[in-house]
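J.: Below are the structure tokens for one structure; questions will follow.
Just so it is clear, none of the values below were taken in a lab; they were calculated from the coordinates. Remember, it's a predicted structure, so these values are computed and weren't measured experimentally. Here Cβ is always computed from backbone atoms with ideal geometry, including for glycine, and neighbour counts include all displayed protein chains.
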Amino acid sequence: MTTTSAAALEFDALKQLLSAYVPTPLGRAELDRIAPSTDRAFLVAAHAECAEGIRYLRSSNAVRIQFTSAPDLSVTAQKLRIEGASLEPREIFDILALLDRAADAKSTLTAAADRFPLLATRSRSIGDFRPLIRELQGKILPDGSVADHASVALARIRRDIEKQKKAIHASLERFLKAHQEEGVLQEEFVAIRNERFVVPVIAGQRRKLDGVIHGASSSGHTLFVEPLETIELNNDLVRLAEEELREVHRILRDLTAKLRGYAGAIQMALSAMGALEMIFAKARFAVEYDCATPTFSPESAPRLRFKDARHPLLQAVLARQRKTVVPVTVELDFAQRTLLISGPNTGGKTVTLKTAGLLTLMAQAGLPVPCSEAELPVFDRVLADIGDNQSIQESLSTFSAHISHMRDMLNDVTTHSLVLLDELGAATDPEEGGALGVAVIDRFREAGAFTLASTHLLALKIYGANTPSVRNASMGFDETTLEPTYRLLTGLPGKSAGLDIASRLGMPRGIVERARASLSDRDRDMSRLIYELHRRVEELAAIEDALKEQKAAAAALAREYAVESVRNEAAKMKELDRRCDEAIKRFEAQAMDAIGRIKTPEQAVRVVSKAKRELQEQFEAAVSPESPRASDRPKIEEGARVRLKGVREPARVRRVLAGGRLEVEAGFLRMQLSVDEVLEVLPEAAATGGLPKNVSFRPAPQLNPLTQEINLIGERAEAACDRVEKFLDDAVMATASRVRIVHGHGMGILKKAVHELLARSPHVEKYYSASQNEGGSGATIVELKE
């Protein structure tokens, strides 16, 4: 991709911002290679990997891949390719540590290949280093030294060295004790000079001792002497140290040779880990900056759209100040490829241009972009003229620099270019600048490039309003506070508001008023027109927002009603299941009781017939406990009061519609529904027959003498006791003297609960178990008080 604007759009500053997410030299090398590209296939693949990385980070059960800070291993990997070269211990340790992390990353991503196939594919280029790691692990210590167990010879040599040091110490301690009374020793301790053990001797007493001088203190008062009796011991220690160095060097050559056998695989692993680190760095940046994965529009229908776009560098600055960026939405398509942005100074025009330009470079560099949605063509170049390009060395004024830069841009522009022009036509006479700006914009438009330009010039605003393929836009300005709102409003030119901003920034009032008086009638009329247009657009926007809120509220109410209907239906089905289960349990209990009482075939026929009839009645009562059958339901007419399914208060029928539907009104709610939703037709308020207001009459229950009993078999104790209490009340009201309660045998829980209720009932005279021909201990006879 050809770009002459990376510096103006601060692409390098963005990469510096990304470097905070890249801890290792491998990742930083990948970051350095990031640049805008025109390879559509590469960009699609890069964004797909990044999107998968974002999903991986947001996954709650994904194991985090570790990319801890490590030294630069590129030189180490190159040394492995040089035959005969030997790595330093620390280099070997760092290589093994990286291979260990690479093996863990491969294992983790391979295990999640079904959810993150692209990341798993990237990790497959990491070879199998487990045999190498097992063989070399622990031979180099974290401090960069070779471990004693790296070889048998090294362990023996180091044991001998320790023994020799102890022997030298013992010899020197004997020497110190022998001469401590002679006044020749400066201090009684053992020191090391030139890698040999020595003792400190007073300079003037040197001749009293036999030995080799290895140095003196800085003051010259102390000499460090190696006694004659320890010279041979020190010589042996030096010989052992040389043997140790030779053995360590041999071990390092051997370890390097083993690593050299994996040199190609190690290089591939380093590349894979660098690539994975960069993918996850982009993903962490995307999560923190709330970025979107961009898509690329087809060449046949190019489209540029950044919804709720934010400049990442500005977002980072404001985040440190605990502030937020005001997002902008930029949208252009095949029919309208040019956007002219006008509005107040310091209103955000330049930031909008830089945001669109930088996000384009980011998208074409395979980076996620900070916005909610992003779609753009694959541009072959981004051409930008932003900022003051004057140069004293080249004798260029601001205007000359702009003209020089735009000339180059006009020569380079293609159909697939993005052009960004800041303050077009400025720094010269407004009339001539406006005419030049229109000509430049028209040339870019004819070339087919996508163009964004900011301006204050009236000629360009009029050009934008009169040219079908050009769209006007403005940065918002609050007329009350005289401050910019930084919001991009598409469809209208903006008011520059230079005098208003000058007044807000402290320009003397008299100067501002004189400037207003100097404005031409045309300028004042145009300012008033633009202000009125913006006011009406804001009013329409407020109305639109209110309508959206009302629509959302209506949709929420409809959803709530639908959820309530589903909930009511589910409750009814649950109640239906419960009643059916109760009916089946009662039938099973009655069947068992009936089987025990069958003596003859004729009796069996009667029992079966009775059981079928009772089961049918119980089933009908369970299925439709409230709703009357269609044949029994009174005719529904307009004005009738009805009770509806799922609605508490009665409703009034307003109209009877075709197809078995009704229009009803329940409170303030009016709806249309099926006749099947009507539970019952309620009577109108009837005459009370002379009864006082709020007094109703209900006849006493009629108790059939042949059925003065209640069957509780299969019921829970609590529900059964409630039924028994009502049964006793009805029996007393019907002047019954004796009733039977059938509770069955079972475990005796139901019988116990019934007897406890009877014991405290005020209606019961006495109670006792029934005789054998009345059910025995499975029933209780109750005699009621008169």
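J.: Considering amide H positions built from the backbone, and no H for Pro or chain starts, which residues 5 or more places from Tyr486, or on another chain, come under 5 Å of its amide H?
T.: Gly476
J.: Another question, then. Suppose every Lys and Arg Cβ carries +1 and every Asp and Glu Cβ carries -1, with no other charges. What dipole size does the range 271-312 come out with about its Cα centre, to the nearest 20 debye?
T.: Computed charge dipole of the range 271-312: roughly 140 debye.
J.: Still on this structure, I have one more. Would you mind getting me the FRET efficiency between Ala558 and Asp729? Use the beta-carbon distance for r and R0 = 51 Å, nearest 0.05. Walk me through the intermediate numbers first.
T.: On the way: r = 46 Å, r/R0 = 0.90.
Step by step, r from the Cβ atoms, then E = 0.65.
J.: I want to check the label-to-label distance for Arg652 and Glu786. Put each point 7 Å from Cα in the C-beta direction and report it in nm to one decimal.
T.: 5.6 nm
J.: Could you tell me which of rounded, prolate or oblate describes the range 280-343, using a ≥ b ≥ c as the square roots of the eigenvalues of the alpha-carbon gyration tensor, with rounded for a/c under 1.5 and, failing that, prolate when a/b is larger than b/c and oblate otherwise?
T.: Oblate shape, in that a/c is at least 1.5 and b/c is the bigger or equal ratio.
J.: Relative to the Cα centre, what is the charge dipole magnitude of the range 281-428, using +1 at the beta carbon of each Lys and Arg, -1 at the beta carbon of each Asp and Glu, and rounding to the nearest 20 debye?
T.: That gives a dipole near 560 debye.
J.: I would also like to ask the following. Putting +1 on Lys and Arg Cβ atoms and -1 on Asp and Glu Cβ atoms, find which of Leu26, Phe42, Leu98 reaches farthest to the positive end of the dipole of the range 7-120.
T.: Ranked along the dipole, the leading option is Phe42.
J.: Show me the trypsin sites (Lys or Arg not before Pro) within the range 36-83 that DSSP assigns to loop and that have at most 13 other Cβ atoms within 10 Å of their Cβ.
T.: Arg64, Arg81
J.: Hey, what do the phi angles of the range 75-91 turn into as Karplus ³J(HN,Hα) couplings, whole Hz, using 6.51/-1.76/1.60 and θ = phi - 60°, x for Gly and Pro?
T.: Each residue's phi maps through the Karplus curve to give 5, 4, 5, 5, 4, 4, 7, 8, 5, x, 6, 10, 7, 6, x, 5, 5 Hz.
J.: Considering the dipole of the range 58-97 built from charges on the beta carbon (Lys and Arg +1, Asp and Glu -1) around the Cα centre, which of Ala70, Ala85, Ser60 is farthest to its positive end?
T.: The residue sitting most towards the positive pole is Ser60.
J.: May I pose another question? Pull out a ≥ b ≥ c, the square roots of the eigenvalues of the alpha-carbon gyration tensor of the range 221-378, then state rounded if a/c is under 1.5, prolate if not and a/b is larger than b/c, and oblate in the remaining case. Mind dumping the intermediate values first?
T.: Numbers: a/c = 5.99, a/b = 2.65, b/c = 2.26.
Cα axes put the range 221-378 in the prolate bin.
J.: Decide, for the range 328-387, between rounded, prolate and oblate: order the square roots of the alpha carbon gyration tensor eigenvalues as a ≥ b ≥ c, take rounded if a/c falls under 1.5, and otherwise choose prolate if a/b is larger than b/c, else oblate.
T.: prolate
J.: Skipping prolines and chain starts, which residues have an amide H placed within reach, meaning under 5 Å, of the one on Leu87, given they are 5 or more residues away or on another chain?
T.: So Leu87 has HN proximity to Thr256.
J.: Just grab the label-to-label distance for Ala62 and Glu756, each label 7 Å out from Cα along the Cβ direction, in nm (one decimal).
T.: For the pair Ala62/Glu756, the computed spacing is 6.0 nm.
J.: Shifting gears a bit: Let's see if you can work this out: charge +1 on each Lys and Arg Cβ, -1 on each Asp and Glu Cβ, no other charges. What is the dipole magnitude of the range 41-129 about its Cα centre, in debye to the nearest 20?
T.: 340 debye
J.: If you find the alpha carbon centre of the range 738-756 and of the range 108-156, how far apart are they in angstrom?
T.: Computed from Cα coordinates, the inter-centre distance equals 77 Å.
J.: Calculate the FRET efficiency for Leu682 and Asn773 from the Cβ-Cβ distance with a Förster distance of 56 Å, rounded to the nearest 0.05.
T.: With R0 = 56 Å, the Cβ-Cβ based efficiency is 0.70.
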